[in-house]
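Peer 1: Could you have a look at this structure, given as structure tokens, before my questions?
Values in this text are rule-based calculations from the coordinates and carry no lab data. For clarity, every value in this text was computed on a predicted model and none was experimentally measured. Methodologically, a virtual Cβ is constructed for each residue, glycine included, from the backbone with ideal geometry; neighbour enumeration extends over all protein chains shown.
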Ligand code: P6P
């Protein structure tokens, strides 16, 4: 029945979360609260990002802001805001952040959830006004409540995610997330301070004609990658590389395409992080009908060994990822 009563475009995020919680008779509302906490931090970070240029102007003498404090980098500010929102929300016991080497204990020892987050990915793009993003992944803790979260709580395979999403701070700010029942996109209206359902039930095209890779690394590409990129050119695909993962991913999710950050001769496991970049986007793309692989294996089945480990990343339309895997398989066959 609920599907028949699919929520109309324009529903607020709060109402959407509440209605979706009703689909889970035993839900007790903690995950709903966690998602609201993330949305709150996203609104605050969105405001900081939009003001950042102005603060620089305002603090024109060196890098001091209007409060006379040293102007912090936006990724540091974003990290503080997301950690504070999750700590105050009470549902999260432990956080793995791209900005912090060690696990962050929130003090909420009764919290049932662990969050892995890249608070502001691609922050080098901020100064040149390129879209940037937050990426997050949510797990249920495996250790007993009443204690601090453990590494074991954090180092779960991506198949154990209970939610994942991203915020893209672009021409408009959007929150896109899944809890394992499809992917929905919400667009932020700053004048109202609300996210509104704008992209219900996102499904990604099964194939596409866009490939995203940093071809500046071509000299270090392995044979399989080089041959797949040549294949894309033979197919007259468009090359689109913003250099901001969330922006490249979001475009391919909606239009079809493949994003690649492969292993290279200089970076044996590529550049992107398994816990808070690859697993989160992999959960979303699979829920939208796409695919995510390290060239050989499903990203979400990789067993993390360390909090910040990297992995080669091929993600997007199923047919393109499978074609890339074919080329990678030839490479391994030769090894
Ligand atoms: P490269 C940004 O630094 C980032 O983490 C992703 O957002 C982006 O896709 C990638 O690195 C760009 O890396 O090596 O192509 O500049």
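Peer 1: How compact and how long is segment 155-200, expressed as Rg and Dmax of its alpha-carbon atoms in Å?
Peer 2: Gyration radius and largest Cα-Cα distance of segment 155-200: 12.5, 40 Å.
Peer 1: Relative contact order of segment 143-204: what whole-number percent is it, with Cα pairs under 8 angstrom and at least 6 residues apart?
Peer 2: Computed value for segment 143-204: 19 percent relative contact order.
Peer 1: Here is a further query. Which Rg and Dmax, in Å, describe the Cα atoms of the chain?
Peer 2: When restricted to the Cα atoms of the chain, Rg and Dmax are 19.9, 61 Å.
Peer 1: Please state the relative contact order of the chain as a whole percent: Cα pairs under 8 Å, 6+ residues apart?
Peer 2: Once divided by the residue count of the chain, the mean separation gives 15 percent.
Peer 1: Quick one: compute a quarter of the convex hull surface over the Cα atoms of segment 171-223 and quote it in nm².
Peer 2: 6.7 nm²
Peer 1: Rg and Dmax of segment 254-335, using alpha carbons, in Å: what are they?
Peer 2: When restricted to the Cα atoms of segment 254-335, Rg and Dmax are 12.2, 36 Å.
Peer 1: Still on this structure, I have one more. Calculate the tail of P(r) for segment 158-295: the fraction of all Cα-Cα distances greater than 19 Å, expressed in %.
Peer 2: Here the long-distance tail beyond 19 Å is 54 percent of all Cα pairs in segment 158-295.
Peer 1: A further question follows. Using helices alone, what [θ] at 222 nm do you get for the chain, with -39,500 (n - 2.57) per DSSP H run of 4 or more residues, divided over all residues and rounded to the nearest 500?
Peer 2: -10500 deg cm²/dmol
Peer 1: Report the residue, chosen from 24, 82, 228, that carries the largest GNM mean-square fluctuation when the chain is represented by alpha-carbon nodes joined by springs under 10 Å.
Peer 2: Comparing 24, 82, 228 in a Gaussian network model of the chain, the most mobile one is 24.
Peer 1: Further, regarding this structure: Within a 10 angstrom radius of the beta carbon, how do 249, 136 rank from fewest other beta carbons to most?
Peer 2: The fewest-first ordering by Cβ neighbours comes to 136, 249.
Peer 1: Let me ask something else about it. From zero up to wherever the largest Cα-Cα distance of segment 209-252 sits, split into 5 Å bins and tell me the percent of pairs in each.
Peer 2: 5, 22, 28, 24, 17, 3
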